[in-house]
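Each value in this text was obtained by applying a stated rule to the coordinates, not by laboratory testing. The structure displayed is predicted, hence computed values, not measured ones. Ideal geometry is used to build each Cβ from the backbone, glycine not excepted, and the neighbour counts take in all protein chains shown.
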Amino acid sequence: MSARGLITGEDGLQRCAWHGNLEDYRRYHDEEWGRPVTDDHRLFEKICLEGFQSGLSWLTILRKRAAFRAAFAGFDFDMVAEFGEADIERCLADSGIVRHRGKIVSTINNARRAKELRSEFGSLAVYFWAHEPQGSERPSVVDYETLIANPTTPTSVRISKDLKKRGWSFVGPTTVYAFMQAMGLVNDHLEGCFCRAGIEDMRRKLVRPAA
C-alpha cells in the first residue's frame with residue numbers, strides 16, 4: 001500500500017486499493033468504474049445490480065453479471081417490465097444469479113417505473129444526469145478518509161427520496177451513491193489513482209443528456 005486507500009500494481013501504476021489486485025476486479029476499476037455512462041440500459045442495469053448487492057460484495061455481483069444479463073433480458077427495461085410470475089420462478093431457479101425473491105420482484109417493478117421515468121423525462125440518462133452534483137457539493141480533495149466518512153451524500157439522499165416517491169425499491173441513499181460513483185456522475189477515484197485524471201477529462205468533454 002503506497003498511500004492510504006491506494007495500491008501499486010505490478011505495472012507500477014497506483015490505483016484505488018478496493019480491487020485488491022484481483023484481475024477481474026482490477027479490470028473493472030480500470031475500464032469501467034467512474035467512466036460517465038449515458039446509456040439507459042446500462043444505467044438501469046447498474047441501479048438494479050446495486051440493489052442485488054445489498055448485503056453482499058460488489059465482486060460477487062460482478063462475477064455473476066453475465067448471468068444477471070441473461071436472466072433479465074440484457075436489462076432492457078421494456079422487456080423486463082413484461083416479466084410475470086413464470087419469470088420470477090425462472091430467476092429463482094437460476095443458480096447463476098442471487099436468488100432473492102424480493103430483489104427479483106424489485107427489478108421487475110423498477111423496470112416499470114423506469115418506463116414511466118422515460119416517458120416523463122425522455123430518458124433515464126436525462127433524469128439521472130440532471131442530478132449531477134455541482135462543485136460546491138463535492139469535497140475539495142477526494143481521499144480515502146473522505147470517502148469512508150461519506151457513504152451517502154445530499155445528492156444521493158435527494159435521488160433516493162425522489163425514486164422512492166415514484167415507486168422504485170432497493171434504492172436507498174448508499175445504493176444510489178454507489179450507482180453515482182460507478183456511472184461517473186461523480187469521480188471518486190482517489191487522488192493519486194492513475195485513472196482519476198483521465199476520467200476528469202472524460203467528464204469535461206461529456207455532452208450531458210438533455211430533454
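Computed quantities for the displayed model
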quantity: GNM flexibility winner over the chain from E85, E132, E32 (Cα, springs under 10 Å); calculated: E85
quantity: Extension reserve of the S136-K161 stretch, reckoned as 0.36 nm per residue once the Cα distance is removed; calculated: 6.9 nm
quantity: Bins of 5 Å from zero: percent of alpha-carbon pairs in region 89-211; calculated: 2, 10, 16, 20, 17, 14, 12, 7, 2, 0
quantity: Å³ per residue enclosed by the Cα convex hull of region 6-205; calculated: 116 Å³
quantity: Sites matching trypsin sites (Lys or Arg not before Pro) across region 68-119 that sit in DSSP coil, with at most 13 neighbouring C-beta atoms within 10 Å; calculated: R99
quantity: Distance from region 1-62 to region 115-149 (C-alpha centre basis), Å; calculated: 18 Å
quantity: The chain, helix-only ellipticity at 222 nm - DSSP H runs n ≥ 4, -39,500 (n - 2.57), divided by all residues, nearest 500; calculated: -15500 deg cm²/dmol
quantity: Straight-distance crosslink candidates among lysines, where the alpha carbon sits under 28 Å from K64 and sequence neighbours closer than 8 are dropped; calculated: K46, K103, K115, K164
quantity: Fewest-first sequence of V157, V98 by Cβ atoms within 10 Å of each Cβ; calculated: V157, V98
